[in-house]
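Here is the structure we will look at, set down as structure tokens.
The values are calculated or read from the model by the stated rules, or taken from the named source; none is laboratory data. The model shown is predicted, which means the values in this text are computed figures rather than measured ones. FYI the Cβ positions are ideal-geometry reconstructions off the backbone, even for glycines, and counts take in every protein chain you see. We work out accessible area using only protein heavy atoms, side chains counted, and drop any ligands, DNA or RNA first. Shrake-Rupley method; radii C 1.70, N 1.55, O 1.52, S 1.80 Å.
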Amino acid sequence: MKTKFKGRCFMTHATKAIYRWMLADFLRVSQGQEQLFTESDLEQSMEKIETMDFHEEKEIGGVRFWGYTAGHVLGAAMFMIEIAGVRVLYTGDFSKEEDRHLCAAEIPSERCDVVIMESTYGIHVHEDRQTREHRLVSQIANILHRGGKVLIPSFALGRAQEILLILDEHWKSHPELQNFPMYYASALAKKCMSVYETYTGAMNDRIKRISAVHNPFKFEWIQSIRGREDFDEKEPCVVIASPGMMQSGLSRELFELWCSDPKNGCIIAGYVVEGTLGKLILTEPTEITTLAGQKIPRRCTVDYVSFSAHTDFKQTTDFITALKPPQIILVHGEAAEMGRLKMGLNREFENTDYKFQIHTPGNTRSVSLNFRGEKTVKVVGTLAEKRPRDGEEFSGMLLKKSFTYTLADAKDIANVTDLPKTELTHRVSISYNGSLGNVANLMQDICSDVELTSETEAVFLGILRVKKEGPCLIVEWDGSALADMLSDALLGMLVHIQEDEPSDALPKQSWDDVSERRRYFDAVRQLLSEVYGADCITADEEQRTMKLDVKGKSAEIFTDDCKAVTADLGFRSSLYTYLARLYRSMYPVDFWCHTEAGLVI
């Protein structure tokens, strides 16, 4: 089943070049079996791969990552991944030892919170490189001089190139071996060799010096072959063939043919896992089972000289000492080796100040870690022009994009970000039968800047525009925090007062009883005295009129006509409200309606 991955894929340049040959070879050797992907899938995947250089930083959705040299094979990289300030280093396979062609793995200078690292060799410590090389060429020479053939199973990538460099240089300096032919049998390794020849600049200084004179991967004493038919099996020789664990292929075929002769020898030069023939013969069994199911004796010699480019316990310890991550997750290792490495690291640092946790999850198991990440805010625009003093309030608009925070003045948003600037004009229509003047008078309790431009239009604080259109009140404003707050206050008041709001034209009184007119006059005077103060009122009891002067506003009130005359529309609206409400409270059984004739009782 294919995955549903739809994201982006990044590789180093050399890795992408090798990737194509590796997966094509997988398709070749798995013909006749159920395949995970097709040739078409492989070609389509090539288009989705994005290449990057070592130390080149990328950012996707707030996740930052960059690579370091891993020293395992050509193009191999360790990746540092930063998410919300938490840094995770994924080493993959790595080696801190420089060999014939590869640089040693880099040690990142940046702090990291989590290291996910391989545990392939557990607490095993490799021999030094010179000792391993001497053992390899000595064992090969011994087998050849006794008339035997040498089989070196090797992976097509990385270790094959390393062994070829060692043997070609050794043959060049030892004429006594030059009569023994060496063969290199791996179609994939031959294809990968062109990549090695292309990317010598990504290798160590030794290869760079040699490549300035000649191609270090054009071997003088090693011949490339495709199969058994290309060389004489009867004479002593050296054959480097893939695969390295001899599950199948030419290396398995040659071992089955040669293993019964005690003069022959097999040298395992890399890592082998349980369940493979390469791992089995290290126990020196007396017989093996062929791919055809037959039992054949094993009389050839078997030696192990590891040129595996995986970190050993000493390299791992040095790597951890340099980084000191608080969390270590061990992967890529057998359960027993992971457990031994965990115990070894705990013993190594038990008497130091370095505190850490080691996790050894099984395949498909997740690890949950909690972090208190520090959030850093970048100040930009006009806010960044002047450094604030200690204790000084510092404010602006906080912008979050993925895991990064930016503080800027609202006016700078269009300049310092890629956010588009949009202006919103709000327009609300509400059913309202009252007067605009009364709305203006009520709003004066909230804001002092109230301008009645006409009997049907008003402006509050210069930002809220109100217009009376028939039985509706239209409220408009440009989106802002202040305008939104002011409009909410206005609309909230309108909802509560519109049931009691009188119309602009109050009716005239129609009763004939003078005593009732006088009683209504006295009630009005008392009410207005409570609201505005008795000093503001000058009353004429005979005419039942009064003058009102309040903070520069003046009005004449005629109680017999339920009328208030003033130049201030808001003041007039408030007075009409008082007159109407007072009347309804004094004559609750009366029904009044607004007509051109006046108040009907």
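Side notes on the structure shown:
- Checked against the criterion of being more than 17 Å from residue 568 (Cβ to Cβ), part of a helix (DSSP H, G or I) and in contact (Cβ under 8 Å) with a residue 24 or more places away in the chain, the range 538-555 contains not a single residue that satisfies it.
- Count of the range 357-371 residues which are within 20 Å of residue 315 (Cα to Cα) and either polar (S, T, N, Q) or at pLDDT below 95 (or both): 2
- Residues in the range 149-177 that are open to solvent by 10 Å² or more (accessible area, probe 1.4 Å), closer than 19 Å to residue 132 by Cα and among the hydrophobic types (A, V, I, L, M, F, W, C): 155, 165.
- All of (1) at positive phi; (2) within 50 Å of the chain's Cα centre (by Cα); (3) loosely packed, with under 15 Cβ neighbours inside 10 Å hold for residue 470 with one exception: (2).
- A count restricted to the range 336-357 and to residues that are in a loop (DSSP other than H, G, I, E, B) and among the acidic types (Asp, Glu) stands at 2.
- None of 242, 248 is of a type in the set (Ser, Thr, Tyr), at pLDDT below 90 and in contact with a strand residue (DSSP E or B) (Cβ under 8 Å, 6 or more places away or on another chain) except 242.
For (1) modelled with pLDDT of 95 or more; (2) surrounded by fewer than 14 Cβ atoms within 10 Å (Cβ to Cβ); (3) under 30 Å from residue 90 (Cα atoms), each residue gets a yes or a no:
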residue	(1), (2), (3)
269	no, no, yes
275	no, yes, yes
283	no, yes, no
290	no, no, no
302	yes, no, no
309	no, no, yes
313	yes, no, yes
332	no, no, yes
336	no, yes, yes
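- Residues of the range 34-60 that turn out to be part of a loop (DSSP other than H, G, I, E, B) and surrounded by 11 or more Cβ atoms within 10 Å (Cβ to Cβ), as a count: 8
Yes/no matrix, rows are residues, columns are (1) closer than 30 Å to residue 104 by Cβ; (2) touching a residue at least 60 places away in the same chain (Cβ under 8 Å); (3) surrounded by 17 or more Cβ atoms within 10 Å (Cβ to Cβ); (4) touching a helix residue (DSSP H, G or I) at 6+ places or on another chain (Cβ under 7 Å):
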{"residue": "133", "(1), (2), (3), (4)": "yes, no, yes, yes"}
{"residue": "147", "(1), (2), (3), (4)": "no, yes, no, no"}
{"residue": "200", "(1), (2), (3), (4)": "yes, no, yes, yes"}
{"residue": "205", "(1), (2), (3), (4)": "yes, no, no, no"}
{"residue": "211", "(1), (2), (3), (4)": "yes, no, no, yes"}
{"residue": "220", "(1), (2), (3), (4)": "yes, no, no, yes"}
{"residue": "223", "(1), (2), (3), (4)": "no, no, no, no"}
{"residue": "232", "(1), (2), (3), (4)": "no, no, no, no"}
{"residue": "240", "(1), (2), (3), (4)": "yes, yes, yes, yes"}
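- Filter pass, residue 411 being open to solvent by 100 Å² or more (accessible area, probe 1.4 Å) and in a loop (DSSP other than H, G, I, E, B): no
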